[in-house]
Amino acid sequence: MISLRLIAAETARVLTGVVLIVSGLLKAIDPVGSALKIGEYLAPILDERWAWSGMISLTLSFVLCAGEFLLGAFLLMGIYRKLSARLSVAFFAGMTFISLYSLFADPVSDCGCFGDAIHLTHFETLLKNIVLLPLSYLVLRDARSLRHLFSRRERWLVAVLAVVGIVVFMVQNYRHLPLVDFRPYRVGTDLRAEMAREDSTLQAGLLATTRYIYERGGQEQAFTPEAIPDSSWRFVKVQEDATLAKYKAKYDFTPMDSLGNPFAEELLADPGVTLLLLAPHWNRASEGSIDEISELYTQSLSMGYRFYGLTASSAQEIADWRYLTGASYPMLLMDATPIRTMIRAYPGLVVLRGGKIIDKRSFTDFPTVEEVSRYLHHLREPNYIAPAPSLACTYLLLAWGALLILGFLRFWARKLHLTLYLKKRIHYPYKRKRSMRKNIVAGNWKMNKTLQEGTAFISELKSALSVKTLHCDVIIGAPFIHLATVASLAEGSPIGIAAENCADKAEGAYTGEVSAAMVASTGARYVILGHSERRAYYGEDNAILTEKVRLALANGLTPIFCIGEVKEEREAGKHFQVVEEQLAGTVFSLSPEDFSKVILAYEPVWAIGTGLTASSAQAQEIHAHIRQLIVKKYGETIADDCTILYGGSCNASNAEELFAQPDVDGGLIGGASLSVEKFLPIIEAFH
Ligand code: PGA
């Protein structure tokens, strides 16, 4: 059953993830714009005249945009869930604080959360953050339970791809122009028509929202701008409606010539081609394309085009630029802000024809000296459309989309057990009928943990599992002395309790021994028998073990019976033979009915507690062999239904691969079962 709490966490994860990805990407499309916005926020502490202030804003812009995108992507894909959830709570908490500050101190006109694509008021931004902050907390609360598209082994690769992807994307947008231009001066805009339209809307807005207050004989009255009263009235004040703000001008294209005369009409009314070379300040413009600019200028003139520089530079800066580059084109002056709105490059080229913007380029994309002539000829063609910006970004986005779709497909395939089914069809030597066998993840604490530590572990695991959809049974093997307490604590949870041993005698004068009946009376339902440590250190041989298994079964306990070879036997290639003898000397003496109650655990002794694991292929090979032995002894149905666990340095990073093997039905976990943090991902390896 999926709990409501998990549904809430999953929904919150999708919502916060999508918002983070969208806002990160929209800002990453225009890193320079985001840096300008950050500069506005930092204006009180960062003087924009300082040479390195632009660098700081740009660095912060890269970190913020990429960070936001990555947080969203990681949350959606379920990689580094806990860390991403923690960081997103911190992020939304920070953003809530900034939006509160913006609401009261009004440091910027627009918050810039979604770049230039979506504009929110300060209040809307605050509302957005107030909703997202608790949602991100819901994600954090159950971060470990969130589903994931990629396994632990794959996640670093996906993370590296994501980081490289977003950084390359931003660098592309920085070096060339933004992939999508959300600002008013995009290519194709008929600037003349748009400005005329805006002008008449502004006039209408003024008429609708502005009132002149006059008074006569102590009586005040409001008049529209069209109906100003005669001189018998005395003017008091102008009253503006708050809605005037919505008629604010988008186009602040106000170039002036060197004498300070407006020059916009002159530029826009010309039906020919005009090239504008823009840079807010020439002293900060790149000198990397001076030859191209000179060539553009000379050839433009010879083709009858007009060519101007457009800048907010001082006379001295202009003189320095002319001296440095030999520039002789006339300079027009305009405020730095509209220049930055028009183009994000330093310098950049905007081409006008008949008042329409027909091309925009960053200096990195200026035609080379050889290409200039062809480029200028193109500008004359009536339907010339500037070539699309570098396709690298588009390919990158497509690749990302494809990766995500692949992840989702794999996730669903796994959910439908398609992969497992296919693997089984390929590897499994005989056709499976409807199998009854269970997947199990069993812990074996061995001689570890005090009673208090044991109960704390069970409580933590219980609450972690309560928000999970389980795809396997979970068992914890605990010392005798803990059994009654942990069994009653685990009641009502999916956790089954196992003893780690029981006596080979039913009852009587056997000081220090614990019988199977006593184990059963604590509420434990399983008992681990035949563990290699018991065989090696306490001399338990096949005869003793057979007796223990028999007594366990007689008392209603399910034995988890361990077999496995030592290193020398594996090296001598005797492992198949060893497990065969161990089975033949013990559990194979049981009746089919009793044997079908036993869980087997193959534990190569050389892998136990050593950090060495059998490879998944080695595990599959010997598990398949064991199942074949059972087929021979008890027939296909019992063999097919028998759960065979793998044990020996099984942990979060190898469990998924091991459990994906058709004959590996789970694990018996020693060291990694001592903390919930390490044990839980092993349970999650069964998706
Ligand atoms: P390990 O122990 O996971 O620490 O190797 C396994 C076991 O002994 O059951």
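Couple of notes before you dig in:
- For the chain, the share of accessible area belonging to carbon and sulfur comes to 60 percent (1.4 Å probe, ligands and nucleic acids excluded).
- Each other residue within a Cβ distance under 15 Å of residue 255 adds +1 if Lys or Arg and -1 if Asp or Glu, for a net charge of -3.
- For residue 332, distant residues with modelled amide H under 5 Å away: 309, 310, 311
- For segment 78-91, 3J(HN,Hα) computed residue by residue from phi via the Karplus equation (6.51, -1.76, 1.60; θ = phi - 60°) reads x, 9, 6, 4, 5, 5, 5, 5, 4, 5, 6, 4, 4, 4 Hz, glycine and proline entered as x.
- Rg over Rh [alpha-carbon atoms, Kirkwood Rh] for segment 1-103: 1.08
- Taken over the Cα atoms of segment 445-598, the convex hull encloses 141 Å³ per residue.
- Amide H within-cut-off set for residue 476, under 5 Å, with H built and near neighbours excluded: 443, 496, 497, 498
- If only the Cβ of Lys and Arg carry +1 and only the Cβ of Asp and Glu carry -1, the dipole of the chain around its Cα centre is close to 1740 debye.
- Pair-distance distribution P(r) for the chain, from all Cα-Cα distances in 10 Å bins starting at 0: 3, 12, 17, 15, 12, 11, 9, 9, 7, 4, 1, 0, 0 percent.
- Net charge over other residues, Cβ less than 11 angstrom from the Cβ of residue 331 (K, R count +1; D, E count -1): -1
- The chain, relative contact order in percent, only Cα pairs under 8 angstrom and at least six apart counted: 10
- Per residue accessible area of segment 327-378, 1.4 Å probe, in Å²: 34
- Segment 226-338 - share of DSSP beta bridges that are antiparallel (%, nearest 5): 20
- All other residues whose Cβ lies under 12 angstrom from that of residue 370 are scored, Lys and Arg at +1 and Asp and Glu at -1, for a net of -3.
- Charge dipole (the chain, unit charges on Cβ, about Cα centre) - positive-most of 651, 138, 305: 651
- Sparsely packed loop sites in segment 29-124 (the chymotrypsin sites (Phe, Trp or Tyr not before Pro) outside DSSP H, G, I, E and B with at most 16 other Cβ atoms within 10 Å) comprise 50, 52.
- Unit charges on C-beta of K, R, D, E only; dipole of segment 180-232, Debye: 160
- The simple Förster model, with R0 at 41 Å and r as the Cβ-Cβ distance, assigns residue 324 and residue 42 a FRET efficiency of 0.85.
- In order along segment 54-62, phi translates into HN-Hα couplings of x, 5, 5, 4, 5, 4, 4, 4, 4 Hz, rounded to whole numbers, per the Karplus curve 6.51 cos²θ - 1.76 cosθ + 1.60 with θ = phi - 60° and x for Gly and Pro.
- Across the chain, the longest run free of exposed loop sites, meaning trypsin sites (Lys or Arg not before Pro) lying outside DSSP classes H, G, I, E and B with no more than 10 other Cβ atoms within 10 Å, spans 50-430.
- Simple spin-label estimate for residue 491 and residue 231 in nanometres, 7 Å along Cα-Cβ: 10.3
- Annotation: the antiparallel percentage among DSSP beta bridges lying fully within segment 264-388 is about 55.
- Percent of beta bridges antiparallel (DSSP, the chain, rounded to nearest 5): 40
- Each residue of segment 505-514 was assigned a 3J(HN,Hα) from its phi angle through the Karplus curve 6.51 cos²θ - 1.76 cosθ + 1.60 (θ = phi - 60°); the sequence is 10, 6, 6, x, 7, 10, 3, x, 8, 10 Hz, with glycine and proline shown as x.
- Expressed per residue, the C-alpha convex hull volume of segment 264-388 stands at 99 Å³.
- Whole-percent pair-distance distribution, where bins are 5 Å wide, for the alpha carbons of segment 568-642: 3, 14, 26, 25, 15, 11, 5, 0
- Accessible area (Å², per residue) of segment 449-684, counting only protein heavy atoms and a probe of 1.4 Å: 39
- Using every pair of separate Cα atoms, the Kirkwood estimate puts the hydrodynamic radius of segment 191-245 at 12.5 angstrom.
- Linear extension gain, residue 254 paired with residue 597, 0.36 nm per residue minus alpha-carbon span: 114.8 nm
- Other-chain or far-sequence residues with amide H under 5 Å of residue 111's (modelled H): 120
- When the GluC sites (Glu not before Pro) in segment 166-249 are filtered for DSSP coil states and for at most 13 other beta-carbon atoms within 10 Å of their beta-carbon, the remaining sites are 226.
- With the helix formula -39500 (n - 2.57) applied to DSSP H stretches of n ≥ 4, the chain reaches a computed 222 nm mean residue ellipticity of -15500 deg cm²/dmol.
- Length gained on full extension, residue 625 to residue 469: 53.0 nm, using 0.36 nm per residue less the C-alpha separation.
The values are calculated or read from the model by the stated rules, or taken from the named source; none is laboratory data. All figures in this text were calculated on a predicted structure; none of them were measured in a lab. All Cβ positions, glycine included, derive from the backbone under ideal geometry; neighbour counts span all protein chains shown. Ligands, DNA and RNA are excluded from the accessible area calculation, which covers all protein heavy atoms including side chains. Shrake-Rupley method; radii C 1.70, N 1.55, O 1.52, S 1.80 Å.
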